[in-house]
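Trainee: This is the structure, below, for whatever I ask next.
The values are calculated or read from the model by the stated rules, or taken from the named source; none is laboratory data. On a predicted model such as this, the values are computed, not experimentally measured, just so you know. Glycine also receives a Cβ, built like all others from the backbone with ideal geometry; neighbour counts cover every protein chain displayed.
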Amino acid sequence: MNRAQNAPQAAKSIPNLGLKQRNTFGFDANAELAYEITASEQIPGVISDIAAQKLAWRVLGGGSNVILPAKLPGATLLMNIAGQEIIASDASATLLAVGGGVNWHELVAWTLENDLPGLENLALIPGTVGAAPIQNIGAYGVEIGDYIDRIEAFDTKDHAFVTLAKEACHFAYRDSYFKQNPQRFIVTKVVFRIPKSWNARIHYADLAKQFAKNSNPSAEEIFLAVCKIRTYKLPDPKVIGNAGSFFQNPIVPNEQYETLLQSHADLVSYPDEPGKRKLAAGWLIDQCGFKGQRMGLVGVYENQALVLVNHGGGSAQDILGLAKCIQDKVRAEFGVSLQIEPNIF
Ligand code: EPU
């Protein structure tokens, strides 16, 4: 077989691509030039093209954590690299390599079907495997960073493929080395390390309630419980446009937390690193009376105040206008700044 037969085809380029179906807010957005990336080998050529034409560019995964403007000038890379395979297994762990374009929830379901429990608390989070480590997705006491062995990416600064070991990824709450270096890395493959020993993590209030009468649930039972809770609290983007939590839970110094507690005895918070406390942004927003409110075509979800929604026909401008109202009121009421979680393109 000659080399040409092995080489993947060049990335398909599509001018003027509508992205309404590729962002979970359901905003009308148009990419001037989209490149469909189905193999990592296509990336260097695409990045060279972009550089030669001096185009603006960005990467789009599942579109579940982005706020898209009506027009995206330059190039938009659509990450569709497929495939998942077990690449090693020993007494302590299984190594699983997964293409960046694989759907996250489908991967979680696949791991359970293949007797690789561990990721069940992260069920039903929308988006792709390649996007998940960038904001270190987390839910119900588990973060994806806990399960990552290494990440393969294209480094657009050095124009070379790189492999970053877990430690080099600097995972923290909704943060990573990739997020700290925007526009630099394009994640192509994630290698997971799934330990052979497993224990149920049901300490989060919502899950503890579900398992009040069953202290020893299986991974499948936890998976189903997480799906049930998320289905109630988070609207299905196919029905109501949203990007999950719209703000990060703010982390404040202990002194500020103690002061707030004096005036708001029922303040909801979680322990964080020493000297700091993480506040429930949903509670702060709820206290300001925003839950279930509408502002034109957008609003705050009725079952979870941390989720902003597009009721249909809304735009990035509308959602950012609502976000500003919420940030201003929460700052005035509690002296706390809320950071927007999705990427604003
Ligand atoms: N709360 C209210 N009113 C609300 C919402 C929340 O009072 O409208 C209070 C409740 O007391 C609730 C607490 O805030 O118990 C925390 O709410 P919840 O359990 O829904 O979690 P969260 O802190 O709002 C975070 C993540 C979610 C993740 C859940 C469960 C962030 C920004 N969000 O939300 O992640 O699913 O914990 O672990 O950290 C996402 O990032 O898109 C996301 C959904």
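Trainee: Collect the residues in segment 203-221 that are in contact (Cβ under 8 Å) with a residue 60 or more places away in the chain, within 13 Å of the ligand (Cβ to nearest atom) and surrounded by 14 or more Cβ atoms within 10 Å (Cβ to Cβ), keeping them in residue-number order.
Mentor: Listed by number, the residues that qualify are 204, 206, 207.
Trainee: Just checking, does segment 294-301 include any residue being within 13 Å of the ligand (Cβ to nearest atom) and within 14 Å of residue 336 (Cα to Cα)?
Mentor: Taking every residue of segment 294-301 in turn, none turns out to be within 13 Å of the ligand (Cβ to nearest atom) and within 14 Å of residue 336 (Cα to Cα).
Trainee: Mind counting the residues in segment 222-252 that are touching a Lys or Arg at 6+ places or on another chain (Cβ under 6 Å) and surrounded by fewer than 17 Cβ atoms within 10 Å (Cβ to Cβ)?
Mentor: So the answer is 0.
Trainee: Name the residues in segment 153-180 that are away from the ligand (no atom under 16 Å from the Cβ), surrounded by 13 or more Cβ atoms within 10 Å (Cβ to Cβ) and over 23 Å from residue 87 (Cα atoms), would you?
Mentor: Correct list: 155, 156, 170, 177, 178.
Trainee: Checking the condition within 20 Å of residue 103 (Cβ to Cβ), within 13 Å of the ligand (Cβ to nearest atom) and touching a helix residue (DSSP H, G or I) at 6+ places or on another chain (Cβ under 7 Å), which residue from 194, 148, 134, 186 passes?
Mentor: 134
Trainee: Residue check, residue 275 against (1) out of contact with any helix residue (DSSP H, G or I) (no Cβ under 8 Å at 6 or more places or on another chain); (2) on the phi > 0 side of the Ramachandran plot, all met but one. Which one?
Mentor: Unmet for residue 275, out of (1) out of contact with any helix residue (DSSP H, G or I) (no Cβ under 8 Å at 6 or more places or on another chain); (2) on the phi > 0 side of the Ramachandran plot: (1).
Trainee: Please go through segment 243-271 and pick out each residue that is touching a Gly at 6+ places or on another chain (Cβ under 9 Å), of a type in the set (S, T, N, Q) and within 11 Å of the ligand (Cβ to nearest atom).
Mentor: 245, 249, listed by residue number.
Trainee: Identify all residues within segment 147-163 that are touching a residue at least 12 places away in the same chain (Cβ under 8 Å), over 10 Å from residue 190 (Cα atoms) and not aromatic (Phe, Trp, Tyr); write none if there are none.
Mentor: Within segment 147-163, 155, 156, 157, 159, 162 meet the criteria.
Trainee: Check residue 277 against each of (1) assigned to a loop (DSSP other than H, G, I, E, B); (2) within 15 Å of the ligand (Cβ to nearest atom) and name the one condition it does not meet.
Mentor: (1)
Trainee: Checking residue 318 against (1) loosely packed, with under 15 Cβ neighbours inside 10 Å; (2) part of a helix (DSSP H, G or I): exactly one of these is not met. Which one?
Mentor: (1)
Trainee: Count, please, the residues in segment 309-345 that happen to be more than 20 Å from residue 179 (Cβ to Cβ), touching a strand residue (DSSP E or B) at 6+ places or on another chain (Cβ under 6 Å) and either within 14 Å of the ligand (Cβ to nearest atom) or assigned by TED's automatic domain parsing to the domain that holds residue 173 (or both).
Mentor: Selection size over segment 309-345: 1.
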